[in-house]
Amino acid sequence: MHWVFKTLLVLIVLVGAAALGINWYLSTSDAREPSRVAYLEHCVGCHGVGLEGSETGLPLIAPKLAYGDAVPKLMASITEQHEYLPADLSPSMVKALALYIAERRQQLPSIVESHRHQIPEGVVQSQYHNFTVELVAELTSGPYAIEPLPDGRILVSEKVRGLSVVDAQGIQGELVEGTPRIWSEIIHVRGSYVGLGQMLDVELHPEFLTNGWIYFSHADRCQLDCGTPWPRSMVRVVRGRLADNQWVDQEVIWSVHKDNYTVVPDGVAGGRLAFDGNGDLYVTVGGKSTYDNLHVMDTPYGKIHRVHGDGRIPTDNPFWASDDENTAASTRNTVWSYGHRTTQGLSTDPRTGLIWSTEMGPRGGDEVNKIVGGGNYGWPLYTNGLDYDAEPISIGEDLGLDFPLSETILPVVDFTPAPSLSNFVFHSGDQFPAWENDLLVGSLRAQTLFRIRIENDEVVEQERLLTQFGRIRDVEMGFDGLVYVLLEHGEGGSLVRLAPL
Ligand code: HEC
């Protein structure tokens, strides 16, 4: 065999082995998670593998704990209720153990397990309304968003394929033709797509019935045209109309200079869209792991941006500056709020027309936020969460960020442990009247649909409408008043709806 072929063969084998190794490492990482390891080392003898307790230690999965079950209470129990604790338990490991117990108490599945889904049969009972969950359609690839149309059809954003339409009979049609390119050459890690160039959110203009505008966001991908031999991507928003199955009249509504495109995969891109009561459009851009830029207005990351519905930039945006004060790549003119981590949800309160968001924290610290123009949301200096390696989040301090907590906007709802919040909707319509204006919030890892009632910016009720359900990517109100929920699992998805009895 020629040496070139031999070398190639060796290279192919090496790359294959490396890919297998990485996949094995990631799929077994739950078992190596440090707080689990510490629990098995220091606590299991008295509290048991399943936290069921023993003669020498209390059960930690009991419905009620003697000393309280909120994370701060659990931390206090660990340090105060034991005469002997290993000296090497650092304060952050105590917090990680408290999170481990809290997560186990909530029976959070592992990320791999969370890709299993189960649609309940029969009646689901809840505080105000009993309902059934109806399967509308099985989807052909992993979805990111849905948007019901007035005629009963539903737009589906498929992460690695593009836009498609589910008809009123629940049949998913061919891909809409003529949209910007969506990239499918993507690898699959622990049930999730990892790649650059994905399809993101889809949203109708508030006056869709008269103007027909459909907005969607996607990760626009470039390579040589970005001046690099490897691909990079960045959120971009376009609008267009649907004529038969063709995407027509396209206009770019929000985009940034190619210098801002990054190699960080699109799973943390954000791209959620919402219109406020004045018809202005908001788009979320995730931190994309470039933490040092979250408080720099010239970059798009970790921000929520605002433009008019036609893409013009409002000159009253909080960081707006005239062209001669701006660099070509600066994004400051569209920045509305900043210091966000991964904003996976965005929705408008129909009572006020104001924008709210859901934000994924690290381990713990998922948030529901009311969005205020010019607001600093604190990440990565402040969070109630902890890093995945059981260490405190020190990124903000390491970067030299310095501002008091009082200058940040605190979450209206904090979720620690973190269910991995995804998108949400304010309930409206007459099918579930007792839920009027409540937030219906999806979650990925926790597989739970939450109902949260907020009055005067305070949570007054929180209920789990569905648990052990599936990874919920999106929740939307249909024009028929039913609640549409989008599940993603592995390489497919399910579209279901909640119907009252
Ligand atoms: C030698 C046995 C023993 C070990 C080891 C031990 N615990 Fe305990 N733990 C107990 C006992 C006994 C109590 C109840 C103390 C009391 O009521 O005064 C308790 C209480 C607790 C509580 C409060 C339970 C409640 O109902 O409020 C938590 C939480 C807890 N332990 C966590 C841990 C963690 C985490 C570890 C490992 C770092 C650990 N324990 C190691 C025996 C143990």
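Within the range 2-25, does at least one residue satisfy the condition of being of a type in the set (D, E, K, R), farther than 19 Å from Gln107 by Cβ and modelled with pLDDT of 90 or more? Reasoning before the result, please.
Narrowing the range 2-25 to residues of a type in the set (D, E, K, R): 6.
From the residues that got through so far, the ones that are farther than 19 Å from Gln107 by Cβ too are 6.
Of the ones still in play, those that are also modelled with pLDDT of 90 or more are none.
Looking for residues that are of a type in the set (D, E, K, R), farther than 19 Å from Gln107 by Cβ and modelled with pLDDT of 90 or more, one finds none in the range 2-25, hence no.
Within the range 63-83, residues that are modelled with pLDDT under 85 reach partners that are within 8 Å of the ligand (Cβ to nearest atom) with beta carbons closer than 7 Å, at six or more positions or on different chains, in the pairs Val71/Ala98. Being assigned by TED's automatic domain parsing to the domain that holds Leu273, touching a Pro at 6+ places or on another chain (Cβ under 8 Å), more than 21 Å from Pro148 (Cβ to Cβ) and in contact (Cβ under 8 Å) with a residue 24 or more places away in the chain is the requirement here; does Gly197 meet it? Considered against the rule, which asks whether it is assigned by TED's automatic domain parsing to the domain that holds Leu273, touching a Pro at 6+ places or on another chain (Cβ under 8 Å), more than 21 Å from Pro148 (Cβ to Cβ) and in contact (Cβ under 8 Å) with a residue 24 or more places away in the chain, Gly197 comes out as yes.
Comparison of Ser90, Ser164, Ser114, Ser157 shows that the only residue that is without any contact (Cβ under 8 Å) to a residue 60 or more places away in the chain and either aromatic (Phe, Trp, Tyr) or in contact with a His (Cβ under 9 Å, 6 or more places away or on another chain) (or both) is Ser157.
Can you work out which of the residues in the range 322-352 that are small (Gly, Ala, Ser) and surrounded by 14 or more Cβ atoms within 10 Å (Cβ to Cβ) is farthest from the chain's Cα centre (by Cα)?
Our first condition is that a residue be small (Gly, Ala, Ser); within the range 322-352, this holds for 322, 328-330, 337, 339, 345, 347.
If we keep only those that are surrounded by 14 or more Cβ atoms within 10 Å (Cβ to Cβ) as well, we get 330, 337, 339, 345, 347.
On the way: Ser330: 26, Ser337: 17, Gly339: 16, Gly345: 6, Ser347: 13 Å.
So the residue we want is Ser330.
When you look at Cys222, is it within 19 Å of Lys159 (Cβ to Cβ) and without any contact (Cβ under 8 Å) to a residue 40 or more places away in the chain, yes or no?
On the way: within 19 Å of Lys159 (Cβ to Cβ): yes; without any contact (Cβ under 8 Å) to a residue 40 or more places away in the chain: yes.
Spelling it out, Cys222 is indeed within 19 Å of Lys159 (Cβ to Cβ) and without any contact (Cβ under 8 Å) to a residue 40 or more places away in the chain.
The requirement of being touching a residue at least 24 places away in the same chain (Cβ under 8 Å), more than 22 Å from Gly365 (Cα to Cα) and not basic (Lys, Arg) is satisfied by Leu51. Checked against the criterion of being among the β-branched types (Val, Ile, Thr), at negative phi and not in a loop (DSSP other than H, G, I, E, B), the range 309-324 has no qualifying residue. The residues in the range 438-471 that are touching a residue at least 24 places away in the same chain (Cβ under 8 Å) and closer than 24 Å to Tyr144 by Cα can be counted, and the count is 20.
Taken together, the residues in the range 353-370 that are surrounded by fewer than 20 Cβ atoms within 10 Å (Cβ to Cβ) and on the phi > 0 side of the Ramachandran plot amount to 1.
Within the range 35-81, being among the polar types (S, T, N, Q) and either in contact with a Leu (Cβ under 6 Å, 6 or more places away or on another chain) or within 6 Å of the ligand (Cβ to nearest atom) (or both) holds for Ser35, Thr56, Ser77, Gln81. Please determine, by comparing only the residues of the range 76-112 that are part of a helix (DSSP H, G or I) and of a type in the set (Asp, Glu), which one is nearest to Leu51 (Cα to Cα). Residue satisfying both the conditions and the ranking: Glu103. Only residues that are part of a strand (DSSP E or B), among the hydrophobic types (A, V, I, L, M, F, W, C) and under 18 Å from Thr343 (Cβ atoms) were counted in the range 402-453, giving 11. Can you find even one residue in the range 54-69 that is within 20 Å of Pro419 (Cα to Cα), β-branched (Val, Ile, Thr), in contact with a helix residue (DSSP H, G or I) (Cβ under 7 Å, 6 or more places away or on another chain) and assigned to a helix (DSSP H, G or I)? Looking for residues that are within 20 Å of Pro419 (Cα to Cα), β-branched (Val, Ile, Thr), in contact with a helix residue (DSSP H, G or I) (Cβ under 7 Å, 6 or more places away or on another chain) and assigned to a helix (DSSP H, G or I), one finds none in the range 54-69, hence no.
Among the residues of the range 401-430, the ones that are out of contact with any strand residue (DSSP E or B) (no Cβ under 7 Å at 6 or more places or on another chain) and either small (Gly, Ala, Ser) or modelled with pLDDT of 85 or more (or both) come to 3 in all.
Would you confirm whether any residue within the range 290-312 is assigned by TED's automatic domain parsing to the domain that holds Gly442, of a type in the set (Gly, Ala, Ser) and crowded, with 22+ Cβ neighbours inside 10 Å?
Quick first cut of the range 290-312, residues assigned by TED's automatic domain parsing to the domain that holds Gly442 only: 290-312.
Add one more test, that the residue is of a type in the set (Gly, Ala, Ser), and what stays is 302, 309, 311.
Within this subset, residues satisfying the condition of being crowded, with 22+ Cβ neighbours inside 10 Å are 302.
Yes; the residues of the range 290-312 include at least one that is assigned by TED's automatic domain parsing to the domain that holds Gly442, of a type in the set (Gly, Ala, Ser) and crowded, with 22+ Cβ neighbours inside 10 Å.
Taking the stated definitions as given, is Lys73 touching a helix residue (DSSP H, G or I) at 6+ places or on another chain (Cβ under 9 Å) and either basic (Lys, Arg) or assigned to a helix (DSSP H, G or I) (or both)? So Lys73 passes the test. As for the range 289-296, it holds at least one residue that is assigned to a loop (DSSP other than H, G, I, E, B), under 19 Å from the mean Cα position of the chain (by Cα) and in contact (Cβ under 8 Å) with a residue 60 or more places away in the chain.
The values are calculated or read from the model by the stated rules, or taken from the named source; none is laboratory data. Everything numeric here is computed off the predicted structure, so don't read it as measured data. Here Cβ is always computed from backbone atoms with ideal geometry, including for glycine, and neighbour counts include all displayed protein chains.
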